[in-house]
Amino acid sequence: MLLQLDIHNIALIDEVNIELIDGLNILTGETGAGKSIIIDSINAVLGERVSRDIIRTGTDKALVEAVFEINNENFKDIFEEMGMEPEEDNTLILSREISQSGRNTCRVNGKMVSLSLIKVIGERLIDLHGQHDNQSLLKVENHIDLLDSFGGEVISALRQEYNKRLEQYRDIKARLKGLSGDPGERERKIDLLKFQIDEINKARLKKGEEDELNKQKLLLANSEKIAASLNSGYSLLSSGELGGRSAIDSINEALSQLNAILRLGKDYEELHKLLQELLYQLEEITEDIRDHSDSVENNPALLEEIEERLDLIYKLKRKYGITIEDIHQYCTNCENQLDDMVKSEETAVMLRARRSELEGLLYETAARINAERVKAAHLLEGKIGEQLDDLEMKKARFKVDIQFDPMSSDTGRMGEQLTSQLSASRQIVDKSTTSSGTRKYAQNGLDKVEFLISANAGEPLKPLAKIASGGEMSRIMLAIKTILAEVDKIPTMIFDEIDIGISGKTAQKVGDKLSCLSRGHQVICVTHLAQIACMADHHFLIEKISEDDSTKTTVVKLEGNGIIKEIARLIGGETSSATSLKYAEEMLNSAKMIIRT
């Protein structure tokens, strides 16, 4: 939902801040007041192309900023691509600065992004219906998903079944592709795998071996230093340094001195006991030092052997994995690949059989999906036809064109004939898949779906994008959106020029439908008609004000009497008479009754 729109230095707008709310937001104002500038500004921040001429005269740059409330999950892929964390308050801020130099600076939540990315984001936020391109319904690739959503749980379940099989089918095709190819390249691959397996197996690497070798290397490389330190320590403790008294001799002498005073007090007995224990401990330590000294190995040959082993491990790690466990896993993968390649013909036969089986299941499921789509399409055509008729487009025709399996000759009518054909579907599959690749199984099945329209009697059906009239386009889009509102995920819809060429009863119906649509979506509508404006939940007046030598556009949210006066102006022109004011109040009261129901 669009929460706030800030516009700076766009055409007649000096600075405008519009705080929008959910429901039906109506924008009215005199012709030339700047309603189109608001729409152009929204288009600009959504990534549409704009000219430098849009920048307000006398300024160097223009800025549009829009604040949206979003469901962060729906934009998870965008945030991941941008390397951004979503805002905790579920807001998304788009901004675009346009300079006289022609440079565009686009930002999403303050981070600079490309214009193309902001356009992708904009397409998920707003559908704009009028003389503009930012309309999801004009994109044919969206039609199949809208039809499927309208079709409900039956199509959804079939698509899940189809996509599960499609994933298996694509995996098998990839494996078959790996087994085929140039025979020479295959032999080279086999030789390489054998070499790598042999190289790893010959090394006989063991888990934890590298750490143990590094410990041994450290001891051997420092053996002389270790031996010298231990010998020196032993000498100091047992025989003294340079013929001097040893530590053990000194303690024995101290014990002799204490013996002379043992009977003079218990404290001296305790001291003698502690010193005696210390002597025992020191003698044990001295023996341990001697044992360690005797065990120190000075073996240059063993050190060289260990270094060679570590060098081999390093080379294998550089080629096959960061750890010994990774190298073993790499070897296992190579053995599996080699086994597959050696048994490739046997494996290929098995895989081709499974591929053929999955092709049959995919085709059958795609045909069932097509049948459900045809049913849903007939229902959708009828419902939208009723809406168009209600909007006084009684000669208009809406058609959901479904083309089944465009890669074969069996197109168009599969869904309608499915009941009689399902029993023979396996025969159809066998015939249609004798040559691999005759069909392209897409993510959505074997259908191409496009919405077609004929706006007037005698006109042929043609794509929605080919409708010339902005007013017709907006009403057609309103009819479609009214039916698809519950399945359409785009939260905000803008209708511009929807009231061109209509009045009276039709205008009232347009207003009713906009109000109904706004119960599930935020709707913003620019209108000149009182019948539509009086249905507003929130009404904004766009005015052009001349001051001294400058003219600027302002936007004011109307309340109470302000709304009545504006509705009266729409009814009766510039001068609001008592009659038009009274009529405006009656229209607003009637509208409130309709909205409540």
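Only one of these conditions is not met by His143: (1) modelled with pLDDT under 85; (2) part of a helix (DSSP H, G or I); (3) buried (at least 19 other Cβ atoms within 10 Å of the Cβ). Which number is it?
(1)
Working carefully through the options Ile39, Ile98, Ile126, Ile121, find the one that is buried (at least 20 other Cβ atoms within 10 Å of the Cβ), in the same structural domain as Glu19 (by TED's automatic domain parsing) and touching a His at 6+ places or on another chain (Cβ under 8 Å).
Ile39
One residue is enough: does the range 499-519 have a residue meeting the conditions closer than 29 Å to Leu570 by Cβ, in contact with a Lys or Arg (Cβ under 8 Å, 6 or more places away or on another chain), buried (at least 24 other Cβ atoms within 10 Å of the Cβ) and in contact (Cβ under 8 Å) with a residue 24 or more places away in the chain?
yes
Only residues in the range 74-103 that are in contact (Cβ under 8 Å) with a residue 40 or more places away in the chain count as the first member; pair them with residues that are of a type in the set (S, T, N, Q), Cβ under 7 angstrom, at least 6 apart or cross-chain, and list the lot.
Arg96/Asn104; Ile98/Asn104
Could you pull out every one of the helices (runs of 4 or more DSSP H) wholly within the range 265-373 that has 2 or more residues that are within 51 Å of the chain's Cα centre (by Cα) and either acidic (Asp, Glu) or more than 30 Å from Ala221 (Cβ to Cβ) (or both)?
The helices (runs of 4 or more DSSP H) meeting that bar are 300-320, 324-342.
Any residue that is assigned to a helix (DSSP H, G or I) and either at negative phi or of a type in the set (A, V, I, L, M, F, W, C) (or both) - is there at least one of those in the range 548-562?
Yes: the range 548-562 contains one or more residues that are assigned to a helix (DSSP H, G or I) and either at negative phi or of a type in the set (A, V, I, L, M, F, W, C) (or both).
Which residue is farthest from the chain's Cα centre (by Cα), if the candidates are limited to the range 226-249 and must be at pLDDT below 75 and of a type in the set (S, T, N, Q)?
Across the range 226-249, the extreme among qualifying residues is Ser239.
Hey, could you check the range 489-532 for residues that are farther than 19 Å from Leu388 by Cα and among the charged types (D, E, K, R) and say which is modelled with the highest pLDDT?
Out of the qualifying residues, it is Arg519.
Under 9 Å between Cβ atoms, which residue pairs at least 6 apart in sequence (or on different chains) link something in the range 561-572 that is within 18 Å of Gln508 (Cβ to Cβ) and free of Cβ contacts under 8 Å to residues at least 12 places away in the same chain with a partner that is part of a helix (DSSP H, G or I) and of a type in the set (Ser, Thr, Tyr)?
Gly572/Thr579; Gly572/Ser580; Gly572/Tyr583
Quick check on my filter: what residues within the range 386-423 are assigned to a helix (DSSP H, G or I) and at pLDDT 50 or above?
Selection gives Glu386, Gln387, Leu388, Asp389, Asp390.
Output the strands (runs of 3 or more DSSP E) that fall wholly within the range 1-40 and possess 1 or more residues being out of contact with any helix residue (DSSP H, G or I) (no Cβ under 7 Å at 6 or more places or on another chain), free of Cβ contacts under 8 Å to residues at least 24 places away in the same chain and not polar (S, T, N, Q), or say none.
Qualifying strands (runs of 3 or more DSSP E): 13-19.
State the number of residues belonging to the range 451-510 that are assigned to a loop (DSSP other than H, G, I, E, B) and charged (D, E, K, R).
Residues that pass the stated criteria total 6.
Only residues that are assigned to a loop (DSSP other than H, G, I, E, B) and either among the polar types (S, T, N, Q) or not assigned by TED's automatic domain parsing to the domain that holds Ile7 (or both): list them for the range 47-75, please.
Matches in the range 47-75: Ser51, Thr57, Thr59, Asn71.
Taking Asp405, is it buried (at least 22 other Cβ atoms within 10 Å of the Cβ) and of a type in the set (Asp, Glu)?
It is true that Asp405 is buried (at least 22 other Cβ atoms within 10 Å of the Cβ) and of a type in the set (Asp, Glu).
Determine if the range 80-87 includes at least one residue that is surrounded by fewer than 20 Cβ atoms within 10 Å (Cβ to Cβ) and in contact with a strand residue (DSSP E or B) (Cβ under 7 Å, 6 or more places away or on another chain).
yes
Any idea which residue in the range 52-79 is surrounded by the most Cβ atoms within 10 Å (Cβ to Cβ), counting only those that are out of contact with any helix residue (DSSP H, G or I) (no Cβ under 6 Å at 6 or more places or on another chain) and among the aromatic types (Phe, Trp, Tyr)?
Looking at the filtered set, the residue picked out is Phe75.
The values are calculated or read from the model by the stated rules, or taken from the named source; none is laboratory data. Quick caveat, the model's predicted, so the values are computed rather than measured. Backbone-built Cβ (ideal geometry, glycine too); neighbour counts: all protein chains shown.
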